[in-house]
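Structure first, commentary second.
The values are calculated or read from the model by the stated rules, or taken from the named source; none is laboratory data. Keep in mind that what you see is a predicted model, and the values were worked out from it rather than measured. Methodologically, a virtual Cβ is constructed for each residue, glycine included, from the backbone with ideal geometry; neighbour enumeration extends over all protein chains shown.
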Amino acid sequence: MGHVQAPREDRGVIPQPEPERTASLLSLAEQVAPEARIELYHRWTTRTRIAREAWSAGPLRFAGCEEGIAVRLADPVGRWTFGASSGAGAPSLLWAIEAARSSEPVGGEEEGPRAWGAGDGSFQLDLDEGPLLEEAAMEEWLDLALDALVRARGGVERGPVSGWIEAGRTVEVLVGQGGIATMRSRNRVWAMGSAGRERPLGALAVAARRISSLSVDAWAEQWTASTASAGRGEWTRGPVVLEGRAAGELVRHLAAAVHGRGAAPGAPVGSGWRVVDDPLDPDGVSGGRFDDAGFPAGRRALSDGHRAVGALEGRGHSWRPSFRDPPEALFTTLLVLGGSEEAPPRTPRVHDLRIHRLASDRWVAEAPGPTYVEARPLDLVQRCVSSFGPVRRVLPGVVSPALLVDW
Amino acid sequence: MKRSELAFGGADRNRAWREALESAAGLPAAPGPVRALFQEEREDLRVVAGLDGVFDVVHTRLAGLSAVGTDPSRESFVSDPVPDDAAAVVLGLQLPQRGRGEAREPGPAPALDPSGAREAVEVLLAQARRAWGGGPLRAGARWVSFLQSVRVVGAGIPLCEDERRGARIRLEIRGPMGQSAVVEKALRPGEAVDAERMCSAAVGRAREREGAVRASPGEVVAVFASGAGGVLLHELIGHALEADTVESGESLLAPAGRRVGPPGLTVLDDPALGRAPWRWDDEGVEARRVCLVEEGRVAGLVHDRGTAGRAGVEPNGHGRRSSFQQRVRPRIGCTFLAPGRLDPAEVLEGLSRGIHVRRIETASVDTGRGLATFRVTDGDSIVNGRVETPLLPFLIEVPTLAALSMLDRVAADLAFDTCVGSCLRDGQPLATSVGAPTFRTGLVRVVP
């Protein structure tokens with residue numbers, strides 16, 4: 001191991017909200033592009049990743065800052081163009097404006113969520129100012145998690161086990177003509193582990209807003225459960241209990257199919273399918289009080305256990321995966337309600353699942369084994385019979401109890 | 001200095017960066033030498049006309065710098081850097097971002113042409129409707145292009161510059177009776193979109209697919225159309241022979257010399273042939289063609305500097321990162337099956353029953369167990385040596401060793417980029433290419 005630097009010499013560069021800077025950039029943009037209505041989005045992120053690889057005796061660290069600015073220029077009928085650049089100074093702004101100006105406009109006011117909000121110019125705040133995670137705490141968590149993973153595999157050495165944990169803070173500021181002004185800050189922790197060939201469906205990722213929400217035991221339990229999952233041929237059709245990650249994966253895909261953009265409400269659903277999208281989830285890694293177009297965001301019911309009652313449309317659902325993406329309709333945290341019923345005995349249990357979408361109305365689910373089972377999403381959502389057990393945060397963006405599905 | 005002539009960035013700015021990076025690389029770093037600095041400037045353009053009629057034009061710039069500095073286990077990065085940042089990043093300092101922008105020199109002006117890309121998309125959509133000949137048709141198209149300049153320098157690594165670019169266009173059409181087709185084209189520098197040809201191919205295939213039926217499940221012989229089978233080799237062989245996969249014991253194909261296929265099976269990876277080629281990798285190593293499997297035996301791995309150093313071999317220019325914010329990994333760039341001597345029709349001869357795979361959209365592999373799955377979105381049944389009925393999309397499961405050992409007929413019609421996609425590994429996307437002639441293998445399983 002080489003020289004070890006003093007921890008976190010970067011205290012002076014942890015992102016802090018400075019809305020006046022983005023506001024001053026808006027003034028500059030107004031001078032440069034007086035012909036357009038302007039929206040500016042500024043994102044500043046710092047993050048540190050600590051990784052353990054099978055070939056490295058010690059942990060590997062990867063840390064840094066990223067900052068970017070995005071511009072939307074709207075014409076009088078609400079069509080807009082988009083440009084974005086790394087950095088947040090005047091040259092970056094001018095690059096983004098030039099890029100936006102060189103495009104033909106798209107969209108229009110009728111698109112609703114793709115417009116941006118209005119306000120009186122005073123900043124709406126949504127701040128999470130907790131301390132940034134220390135590297136020592138991250139390393140400790142990672143080592144505990146990987147040791148737990150080794151135990152879950154029943155092994156005595158790490159072998160091909162590898163993983164990483166990443167923590168960081170993001171500050172976002174949105175300002176625009178029409179008075180919209182919102183500001184958000186978030187701490188986030190992500191972790192991923194892989195046991196190579198022991199896990200055919202891929203690595204296990206978890207995410208939360210604080211490390212205390214990332215339970216090593218729950219993480220390891222996923223691995224233990226996966227090895228006990230129904231094998232090839234043990235589940236081909238009929239009732240199945242989807243636990244942990246398998247439930248999360250199904251929820252993510254079904255929500256997109258049944259409640260995604262353009263979905264019509266009213267479709268019948270099973271009594272176990274009671275789902276909300278919750279951008280206000282205090283441990284959700286995405287979301288917030290305002291969406292990324294400046295509209296107020298709130299919990300939205302998607303289904304009530306009888307029928308679909310909501311879909312991913314309307315204002316308050318526009319989010320940006322990065323500063324280089326314009327806002328688009330996305331789920332934040334999908335929360336499956338319920339979990340009070342007893343699990344049926346002697347029902348096959350599946351802890352991992354991958355959905356292959358052959359067509360919009362025809363899927364193949366791949367479970368460990370591998371076992372492949374075909375499904376139609378609109379049928380499948382009606383076959384979500386019940387949910388039980390505690391809700392688990394086993395996939396980023398999904399919180400779900402176990403689901404009983406009559407496949 | 002190793003240099004591709006950089007047109008991107010501007011002469012003065014490029015000169016300032018070269019000086020700053022070479023100076024930072026020469027810092028008297030204690031206790032160890034600076035391993036490497038990486039600096040990139042990238043422009044991306046995406047023009048999408050969705051099947052729902054919604055247009056998107058997204059034009060962005062990404063700039064950043066990263067370095068492994070005095071502590072070899074620690075890499076630092078910063079976005080939108082100025083040349084003076086190079087020394088600080090070497091020292092492992094995270095730099096304050098906010099406000100530095102005013103002091104930096106203006107970056108290169110936007111170089112990609114969104115109006116031209118949008119026009120290409122609109123011409124393609126209009127041509128598709130004309131070729132359809134009236135009646136309802138849903139059509140969508142997507143243009144993706146990028147331009148990237150990269151500089152790498154470090155201890156024992158002379159300053160290296162590389163300029164990379166790529167463009168591709170995709171057309172998807174859907175008729176009212178379930179007809180559907182996708183045609184993609186990777187565009188080489190200066191190559192224009194041949195809208196008439198793309199649309200003719202798409203419309204013709206969509207009409208053929210009007211009566212598509214379900215594939216019969218079970219084990220079957222598969223013939224992969226020219227180009228399409230490259231995806232199979234990318235998954236079964238390419239990923240299994242990325243050196244870090246072998247290093248971690250997750251490759252069923254290791255070790256070198258192992259027989260994995262018949263004597264006629266030769267698979268290579270050559271980044272220079274890709275749709276987004278690189279001459280130098282992200283560690284300043286010249287990209288070399290690697291023979292992965294030669295005459296049926298494992299012959300080589302793709303390496304970055306790290307895996308090569310640990311294996312005691314020379315790196316071969318396959319160390320890539322999706323951006324300055326990600327760590328370098330060994331990556332395959334353009335994996336292809338060497339052509340054989342048969343006519344494509346000869347590959348089908350004597351085959352009483354099988355499937356003909358024309359298009360694969362997604363794939364994944366478990367390199368340790370040697371099992372891959374592929375989503376086939378266009379294919380046909382084969383009966384008595386003839387391509388017959390079009391099939392609805394289906395999934396195939398392919399066991400690596402069995403499929404390779406039964407790969408017994410290879411045609412001479414090598415083609416690249418008929419299935420264009422990005423490869424996602426460890427969360428890092430990379431614009432990769434695949435190529436293959438028409439070939440057949442004896443064992444795939446149509447599921448469920």
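Which of the residues belonging to segment A:242-267 are over 15 Å from the mean Cα position of the chain (by Cα), surrounded by 24 or more Cβ atoms within 10 Å (Cβ to Cβ) and not in a loop (DSSP other than H, G, I, E, B)?
Passing the criteria: A:LEU242, A:GLY244, A:ALA246, A:ALA247, A:LEU250, A:LEU254, A:HIS259.
The one condition from (1) without any contact (Cβ under 8 Å) to a residue 40 or more places away in the chain; (2) outside any loop (DSSP other than H, G, I, E, B); (3) out of contact with any strand residue (DSSP E or B) (no Cβ under 7 Å at 6 or more places or on another chain) that A:VAL381 does not meet is (1).
Restricting to segment A:60-87, count the residues that are more than 7 Å from every other protein chain (Cβ to nearest Cβ) and surrounded by fewer than 22 Cβ atoms within 10 Å (Cβ to Cβ). Of the residues in that region, 5 qualify.
The residues on offer are A:PHE331, A:PHE295, A:PHE323, A:PHE290, and the sole one that is at negative phi, crowded, with 21+ Cβ neighbours inside 10 Å and within 14 Å of chain B (Cβ to nearest Cβ) is A:PHE323.
Can you confirm whether B:PRO176 is farther than 29 Å from B:PRO271 by Cβ and at pLDDT below 95? So B:PRO176 fits the description; yes.
Quick check on my filter: what residues within segment B:275-298 are of a type outside the set (Asp, Glu) and within 17 Å of B:LEU241 (Cβ to Cβ)?
Let us first name the residues in segment B:275-298 that are of a type outside the set (Asp, Glu), namely B:275-280, B:284-285, B:287-293, B:296-298.
Once the filter is applied, which keeps residues that are of a type outside the set (Asp, Glu) and within 17 Å of B:LEU241 (Cβ to Cβ), segment B:275-298 yields B:ALA287, B:ARG288, B:ARG289, B:VAL290, B:CYS291, B:LEU292, B:VAL293, B:GLY296, B:ARG297, B:VAL298.
B:GLY317 fulfils the conditions (1) in contact (Cβ under 8 Å) with a residue 60 or more places away in the chain; (2) buried (at least 24 other Cβ atoms within 10 Å of the Cβ); (3) more than 12 Å from chain A (Cβ to nearest Cβ) except for a single criterion, (1).
Here is a list: B:VAL220, B:VAL193, B:VAL182, B:VAL203. Which entry is in the same structural domain as B:PRO393 (by TED's automatic domain parsing) and either without any contact (Cβ under 8 Å) to a residue 24 or more places away in the chain or surrounded by 15 or more Cβ atoms within 10 Å (Cβ to Cβ) (or both)? Unique residue meeting the criteria: B:VAL220.
The conditions of being farther than 30 Å from B:GLY317 by Cβ and out of contact with any strand residue (DSSP E or B) (no Cβ under 9 Å at 6 or more places or on another chain) are met by B:GLU196. Flag not set for B:LEU392, criterion: within 22 Å of the chain's Cα centre (by Cα) and within 14 Å of chain A (Cβ to nearest Cβ). Within segment B:1-51, the residues that satisfy the criterion of being in contact with a Ser or Thr (Cβ under 6 Å, 6 or more places away or on another chain) and at pLDDT 90 or above are B:PHE38, B:GLU41, B:ASP44, B:LEU45. Only residues that are more than 24 Å from the chain's Cα centre (by Cα), touching a residue at least 12 places away in the same chain (Cβ under 8 Å), surrounded by fewer than 21 Cβ atoms within 10 Å (Cβ to Cβ) and more than 9 Å from chain A (Cβ to nearest Cβ): list them for segment B:31-80, please. Within segment B:31-80, B:PRO33, B:LEU51 meet the criteria.
Out of A:GLY78, A:GLY107, one residue alone is at positive phi, without any contact (Cβ under 8 Å) to a residue 40 or more places away in the chain and over 28 Å from the mean Cα position of the chain (by Cα). It is A:GLY78.
Residue selection: B:GLY178 satisfies the criterion of being of a type outside the set (Val, Ile, Thr), farther than 30 Å from B:GLN325 by Cβ and over 22 Å from the mean Cα position of the chain (by Cα).
Yes or no, residue by residue, for (1) in contact with a Lys or Arg (Cβ under 9 Å, 6 or more places away or on another chain); (2) under 30 Å from B:PRO330 (Cα atoms):
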position: B:SER200; (1), (2): no, no
position: B:ALA206; (1), (2): yes, no
position: B:ALA212; (1), (2): no, no
position: B:ALA215; (1), (2): no, no
position: B:VAL220; (1), (2): yes, no
position: B:LEU233; (1), (2): no, yes
position: B:LEU241; (1), (2): no, yes
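Check segment B:363-373 and report whether any residue there is without any contact (Cβ under 8 Å) to a residue 24 or more places away in the chain, closer than 26 Å to B:GLY427 by Cβ and part of a strand (DSSP E or B). Yes, segment B:363-373 contains a residue that is without any contact (Cβ under 8 Å) to a residue 24 or more places away in the chain, closer than 26 Å to B:GLY427 by Cβ and part of a strand (DSSP E or B).
Among the candidates A:GLY294, A:GLY288, A:GLY270, A:GLY298, single out the residue that is of a type outside the set (A, V, I, L, M), over 20 Å from the mean Cα position of the chain (by Cα), assigned to a loop (DSSP other than H, G, I, E, B) and not assigned by TED's automatic domain parsing to the domain that holds A:LEU40. Criteria check complete, one pass: A:GLY270.
Residue check: A:ARG43 meets all listed conditions (1) among the charged types (D, E, K, R); (2) surrounded by fewer than 22 Cβ atoms within 10 Å (Cβ to Cβ); (3) more than 7 Å from every other protein chain (Cβ to nearest Cβ) but one, namely (2).
Among the residues of segment A:334-354, the one identified as of a type in the set (Asp, Glu) and crowded, with 21+ Cβ neighbours inside 10 Å is A:ASP352.
Residues checked against (1) on the phi > 0 side of the Ramachandran plot; (2) β-branched (Val, Ile, Thr); (3) touching a strand residue (DSSP E or B) at 6+ places or on another chain (Cβ under 7 Å):
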residue	(1), (2), (3)
B:LEU265	no, no, yes
B:PRO271	no, no, yes
B:GLY274	no, no, yes
B:ARG289	no, no, yes
B:VAL293	no, yes, yes
B:GLY296	yes, no, yes
B:HIS303	no, no, yes
B:GLY309	no, no, no
B:GLU314	no, no, no
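State whether the residues of segment B:294-303 include one that is small (Gly, Ala, Ser), modelled with pLDDT under 95 and out of contact with any Ser or Thr (no Cβ under 6 Å at 6 or more places or on another chain). Checked against the condition, which is being small (Gly, Ala, Ser), modelled with pLDDT under 95 and out of contact with any Ser or Thr (no Cβ under 6 Å at 6 or more places or on another chain), segment B:294-303 yields no hits at all. Within segment A:28-53, residues that are farther than 24 Å from A:PHE123 by Cα sit with their Cβ atoms under 9 Å from residues that are part of a helix (DSSP H, G or I) and of a type in the set (A, V, I, L, M), at 6+ positions apart or across chains, in these pairs: A:THR48/A:MET138; A:ARG49/A:MET138; A:ILE50/A:MET138; A:ILE50/A:LEU142; A:ALA51/A:LEU142; A:ARG52/A:LEU142; A:ARG52/A:LEU146.
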